1. Somewhere in the range 114-131, is a residue within 15 Å of Leu44 (Cα to Cα) and of a type in the set (Gly, Ala, Ser)?
2. Which of the residues belonging to the range 1-28 are of a type in the set (Val, Ile, Thr), open to solvent by less than 100 Å² (accessible area, probe 1.4 Å) and part of a loop (DSSP other than H, G, I, E, B)?
3. Out of curiosity, is Leu31 under 30 Å from Ser134 (Cβ atoms), of a type in the set (A, V, I, L, M), at pLDDT 75 or above and open to solvent by 90 Å² or more (accessible area, probe 1.4 Å)?
4. When you check Phe69 against the structure, is it assigned to a loop (DSSP other than H, G, I, E, B), closer than 30 Å to Arg136 by Cβ and either modelled with pLDDT of 90 or more or open to solvent by less than 30 Å² (accessible area, probe 1.4 Å) (or both), yes or no?
Amino acid sequence: MPITTRHKRSDQFSMASMADLVFLLLIFFILLSTLVSPNAINILLPRSESRTMATQTTTVYINEFAEFFVEGIPVREDQLKSAIFPRIADETRATVVLRSDQSVPLQYVVYVIDAVNSINARHGTEHRVILATSPR
């Protein structure tokens with residue numbers, strides 16, 4: 001009398017679990033992409049028709065409340081020089097990109113320009129400040 005088993009083994013591969021895994025990964029990446037924000041500081045840039053491209057060394061933000069941020073780190077106006085200098089100290093011709101909200105008074109923009117000019121005068125460098133704008 002031959003012995004037979006009740007449970008037969010199947011040679012077929014079940015794709016149901018693979019489809020579940022693909023959908024879970026898809027949902028994960030969709031949710032992750034909505035959480036990533038390229039600009040951590042929400043500002044409305046002034047509009048301009050001119051386009052100047054530069055290699056970006058460091059970025060200074062000024063939001064609508066006239067708060068300064070160097071690479072996303074909040075700083076006071078009197079700390080601008082000490083916050084900017086370590087980021088551009090290794091270069092003689094660095095570019096500081098200034099992203100200022102369009103409602104910010106011009107005096108706050110001048111504070112950043114003065115800080116970079118002070119670094120230039122003290123260390124004999126030729127750093128420059130570029131004001132970031134959005135297209136018209």
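The values are calculated or read from the model by the stated rules, or taken from the named source; none is laboratory data. None of these values were measured; they are calculated from a predicted model. In this analysis, Cβ positions are derived from the backbone assuming ideal geometry, glycine residues included, and neighbour counts consider all displayed protein chains. All accessible areas refer to the heavy atoms of the entire protein, side chains included, with ligands and DNA or RNA removed. Shrake-Rupley method; radii C 1.70, N 1.55, O 1.52, S 1.80 Å.
1. Step one: filter the range 114-131 for residues within 15 Å of Leu44 (Cα to Cα), giving 131.
Narrowing further to those that are of a type in the set (Gly, Ala, Ser): none.
No, the range 114-131 has no match at all.
2. If the condition is that a residue be of a type in the set (Val, Ile, Thr), open to solvent by less than 100 Å² (accessible area, probe 1.4 Å) and part of a loop (DSSP other than H, G, I, E, B), then Thr5 is the only one that fits.
3. Yes.
4. Taking the combined requirement at face value, the residue does not satisfy it.
Each row is one residue, and each column tells you yes or no for (1) assigned to a helix (DSSP H, G or I); (2) in contact (Cβ under 8 Å) with a residue 60 or more places away in the chain; (3) open to solvent by 30 Å² or more (accessible area, probe 1.4 Å).
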| site | (1), (2), (3) |
| --- | --- |
| Lys81 | yes, no, yes |
| Phe85 | yes, no, yes |
| Arg93 | no, no, yes |
| Leu98 | no, no, no |
| Tyr108 | yes, no, yes |
| Tyr111 | yes, no, yes |
| Ile119 | yes, no, no |
| Glu126 | no, no, yes |
